[in-house]
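One structure, pasted below without further comment.
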Amino acid sequence: MISLLQHAAQHCWQHISQPRQLAAAPECQTLTVQLSLALGEFSLQLNNSLPLNGITALFGRSGCGKTTLLRAIAGLDRHANAQICLNETPWQQGKQFVPVHQRRIGMVFQESSLLPHLSVEQNLLYGFNRLAKQTAVRLQPEQVIRLLELTPLLKLAPQYLSGGQRQRIALGRALLSQPQLLLLDEPLASLDQQSRSEILPFLQRIANTTGIPMLLVSHQLDDVVKLADHLVLMQDGRIISHGPLPQQLMQPQLAASGAMSLLHARSHGCNHHLLQLSVGQQQLQLPAPMHTDTANYSPSVYRLRIQARDIALSLTPLNDSSVSNQLQVSIIGFNTAPHPAETLVQLTLDGQPLQALLTKQSVERLGLQIDQQVYAQIKAVALE
Amino acid sequence: MPEFLTILSSQDWQAIQLTLKLCLYTTLILLLLGTPLAWWLSLSHSKLRTAIQAIVALPLVLPPTVLGFYLLLLLGPHGAIGSTLEQLGLNHLAFSFSGILIGSVIYSLPFTVQPLVESFRRMGPRPLEVAATLGASKLDQLFSVILPLCRGGFIVAATLTFAHTLGEFGVILMLGGSIPGETQVLSVLIYDHTEAMNYAQAHQLSLGLLITAFAVLFIVYGLNRRFEREAIL
């Protein structure tokens with residue numbers, strides 16, 4: 001038993017320490033949804049096929065139908081004439097309806113949903129103990145407990161836990177039911193800032209380690225940008241676009257809550273507490289996170305979140321500026337910004353999209369045009 | 001045996017036995033019938049619910065004699081149910097134990113259903129949704145979630161039903177009369193003793209019932225307090 005635990009621990013640790021894109025190939029699944037629903041003012045019209053791998057954020061304003069869609073996928077609500085298939089398996093089609101308990105989904109609800117009459121350990125094992133005999137067990141309890149750091153909580157009653165701890169247990173419990181798909185309904189919404197930071201890294205860890213695709217409902221772009229690989233944008237009961245997160249961030253609908261871009265950069269060293277990063281052929285330097293172990297440095301992929309208003313453009317490279325991160329980019333388009341005096345300039349950096357918020361006056365003064373090569377000065381970056 | 005018990009006649013003992021049997025059967029039947037009914041009432045949004053709610057609550061306001069009267073008409077030899085039974089070669093149900101059992105099931109229905117509806121509502125749908133997403137079937141949910149979470153509601157429902165049946169009088173007198181060993185329960189026997197001026201015997205049984213009823217209600221309210229505390233935690 002001890003050796004099993006140690007084995008599990010080592011196994012688990014290897015996975016955790018692997019950087020994002022080097023993890024075991026994630027499963028790609030396809031979710032097909034046909035759903036048409038009208039309830040008074042509210043209507044939902046969906047006919048989409050969504051590829052799911054890694055973390056997919058279902059993003060939109062409150063009341064746009066995100067939770068309704070998630071509950072229909074889970075089978076918690078049954079809508080007439082809906083059609084829901086995961087890969088080739090129909091979950092709902094015509095008269096056929098696979099009940100919730102036979103769908104291999106894990107669900108985490110918005111508020112704490114631990115069963116109050118069970119201890120943390122019993123909660124964790126509730127789904128695990130009910131697995132069908134033929135289900136392949138890929139995640140063992142020891143593994144999940146270690147992954148989510150739940151050991152000190154096991155014997156407690158749910159009533160004595162903080163919001164963040166409860167959500168972590170709910171997450172572990174869902175994982176142990178060996179789901180094909182994890183559905184997260186605003187799992188962070190009821191948490192304060194402190195508790196959020198207790199659970200965000202675990203969500204990333206799960207995505208990296210387990211390869212189980214996740215569908216995350218959120219109305220906070222901040223959370224989405226920290227976590228998601230893909231984004232499904234919903235508005236007024238429809239899916240208006242979906243695709244990889246960096247490309248989706250260029251959607252003008254998202255500019256209202258602060259236009260931003262996401263770059264994936266590969267790190268290859270750390271000098272004087274400055275992280276050396278490369279995006280394609282170009283180099284960046286950023287202050288390394290405080291806890292970085294410079295002695296045992298290992299390369300990994302970072303997400304760089306850059307606000308559109310933190311990018312300035314110039315026609316020639318600037319040598320007399322304090323901004324040290326300067327990247328050569330080309331202009332691919334212009335988008336309207338929320339403010340009438342401003343424009344969002346769409347850029348590409350070795351195939352990765354980037355956008356800068358400039359005044360219309362500046363765009364005219366510099367004579368910016370599509371396909372033009374310019375230099376982007378990046379004033380601030382959030383390292384995720 | 002203490003003196004108090006030795007002076008109970010065999011007729012008294014028979015009535016005590018019969019009363020306990022009636023209370024027990026009524027409680028078991030009502031838990032079986034009342035649970036699905038209460039479940040439906042706690043979830044349904046249909047217009048029918050209001051009507052069913054009113055019907056379930058009727059015994060709370062209706063004089064037991066009215067209920068007993070209609071049951072007598074229905075279950076007696078000329079009633080729809082009674083005459084059908086006779087045609088099938090069975091006996092009609094007036095003045096029989098089965099008859100008063102049906103009467104007390106209807107009469108105590110609100111005392112089972114209302115605490116259950118209350119506790120199902122307090123639990124809400126979420127724990128069951130959680131259990132379902134974790135692979136629990138409906139039956140599994142009943143035993144692993146509903147029963148433990150609504151334990152308080154079930155205990156309160158069962159004790160109230162039991163205690164209420166203990167105090168039943170009007171319906172039984174109308175429908176069952178006073179046949180020793182068949183329909184002569186404690187409350188009816190006390191009435192008979194009083195009519196016959198046997199005040200001492202009436203007093204013993206009355207005092208016994210009084211103490212039992214108090215004890216049962218004391219336990220119910222005690223449990224209620226405990227479950228409320230648990231619910232707050």
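Taking A:L327 as the residue in question, decide whether it is in contact with a strand residue (DSSP E or B) (Cβ under 6 Å, 6 or more places away or on another chain) and either in contact (Cβ under 8 Å) with a residue 60 or more places away in the chain or not aliphatic (A, V, I, L, M) (or both).
So A:L327 fails the test.
Take the residues in the stretch B:86-101 that are part of a helix (DSSP H, G or I) and either touching a Lys or Arg at 6+ places or on another chain (Cβ under 6 Å) or without any contact (Cβ under 8 Å) to a residue 60 or more places away in the chain (or both), then tell me which one is surrounded by the fewest Cβ atoms within 10 Å (Cβ to Cβ).
Looking at residues that are part of a helix (DSSP H, G or I) and either touching a Lys or Arg at 6+ places or on another chain (Cβ under 6 Å) or without any contact (Cβ under 8 Å) to a residue 60 or more places away in the chain (or both), I get B:Q87.
To continue, here is another question. Inside the stretch B:55-90, can you point out the residues that are of a type in the set (V, I, T), over 14 Å from B:G103 (Cα atoms) and touching a helix residue (DSSP H, G or I) at 6+ places or on another chain (Cβ under 8 Å)?
We begin by selecting, within the stretch B:55-90, every residue of a type in the set (V, I, T); these are B:55-56, B:61, B:65-66, B:81, B:84.
Still in the running and over 14 Å from B:G103 (Cα atoms): B:55, B:61, B:84.
If the condition is that a residue be of a type in the set (V, I, T), over 14 Å from B:G103 (Cα atoms) and touching a helix residue (DSSP H, G or I) at 6+ places or on another chain (Cβ under 8 Å), then no residue fits.
Suppose we keep only residues that are within 19 Å of B:L128 (Cβ to Cβ) and of a type outside the set (F, W, Y) within the stretch A:93-103. Which one would you say is farthest from the other protein chains (Cβ to nearest Cβ)?
Among residues in the stretch A:93-103 that are within 19 Å of B:L128 (Cβ to Cβ) and of a type outside the set (F, W, Y), the one farthest from the other protein chains (Cβ to nearest Cβ) is A:V98.
Now a separate question. Looking for whichever is surrounded by 16 or more Cβ atoms within 10 Å (Cβ to Cβ), in contact (Cβ under 8 Å) with a residue 24 or more places away in the chain and within 14 Å of chain B (Cβ to nearest Cβ) here; the options are A:A207, A:A174. Which one fits?
Working: A:A207 fails: within 14 Å of chain B (Cβ to nearest Cβ).
Only one candidate qualifies: A:A174.
Does A:L286 qualify as being surrounded by 12 or more Cβ atoms within 10 Å (Cβ to Cβ) and within 18 Å of A:L245 (Cβ to Cβ)? Don't jump to the end; show me each part of the working.
Values: surrounded by 12 or more Cβ atoms within 10 Å (Cβ to Cβ): yes; within 18 Å of A:L245 (Cβ to Cβ): no.
Taking the combined requirement at face value, the residue does not satisfy it.
The rows are residues; the columns are (1) among the aliphatic types (A, V, I, L, M); (2) modelled with pLDDT of 85 or more; (3) assigned by TED's automatic domain parsing to the domain that holds A:L200; (4) out of contact with any Leu (no Cβ under 6 Å at 6 or more places or on another chain).
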residue: A:I2; (1), (2), (3), (4): yes, no, no, yes
residue: A:A8; (1), (2), (3), (4): yes, no, no, yes
residue: A:L35; (1), (2), (3), (4): yes, yes, yes, no
residue: A:S43; (1), (2), (3), (4): no, yes, yes, yes
residue: A:S49; (1), (2), (3), (4): no, yes, yes, yes
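Can you name the condition, by its number, that B:V188 falls short on among (1) in contact (Cβ under 8 Å) with a residue 12 or more places away in the chain; (2) loosely packed, with under 13 Cβ neighbours inside 10 Å; (3) assigned to a helix (DSSP H, G or I)?
(2)
Look through the stretch B:122-147, keep the residues that are outside any helix (DSSP H, G or I) and facing another protein chain (nearest Cβ under 7 Å), and return whichever of them is surrounded by the fewest Cβ atoms within 10 Å (Cβ to Cβ).
That would be B:S137.
Could you say which residue among A:G65, A:G75 is at positive phi, modelled with pLDDT of 90 or more and surrounded by 18 or more Cβ atoms within 10 Å (Cβ to Cβ)?
A:G75
Further, regarding this structure: Residue by residue through the stretch B:26-80, note down the ones that are modelled with pLDDT under 90 and either surrounded by 14 or more Cβ atoms within 10 Å (Cβ to Cβ) or within 16 Å of the chain's Cα centre (by Cα) (or both).
Within the stretch B:26-80, B:G76, B:G79 meet the criteria.
Going through the stretch A:110-134 one residue at a time, which ones are within 21 Å of A:L70 (Cβ to Cβ) and more than 7 Å from chain B (Cβ to nearest Cβ)?
If the condition is that a residue be within 21 Å of A:L70 (Cβ to Cβ) and more than 7 Å from chain B (Cβ to nearest Cβ), then A:Q110, A:E111, A:S112, A:L114 are the ones that fit.
Could you list all residues from the stretch A:26-67 that are more than 14 Å from chain B (Cβ to nearest Cβ) and without any contact (Cβ under 8 Å) to a residue 40 or more places away in the chain?
A:A38, A:G40, A:E41, A:N47, A:S49, A:G63
Search the stretch A:44-77 for residues being part of a loop (DSSP other than H, G, I, E, B) and touching a helix residue (DSSP H, G or I) at 6+ places or on another chain (Cβ under 8 Å), and hand back the single one that is nearest to A:I105 (Cα to Cα). Give the derivation first.
Step one: list which residues in the stretch A:44-77 are part of a loop (DSSP other than H, G, I, E, B), which gives A:53-54, A:60-65, A:75-77.
Checking which are touching a helix residue (DSSP H, G or I) at 6+ places or on another chain (Cβ under 8 Å) leaves us with A:54, A:60, A:75-77.
Numbers: A:G54: 15, A:G60: 22, A:G75: 10, A:L76: 11, A:D77: 14 Å.
If we take residues in the stretch A:44-77 being part of a loop (DSSP other than H, G, I, E, B) and touching a helix residue (DSSP H, G or I) at 6+ places or on another chain (Cβ under 8 Å), then A:G75 is nearest to A:I105 (Cα to Cα).
The values are calculated or read from the model by the stated rules, or taken from the named source; none is laboratory data. These figures come from a predicted structure and were not determined experimentally. Please note: Cβ atoms are built from the backbone with ideal geometry, for glycine as well, and neighbour counts cover all protein chains shown.
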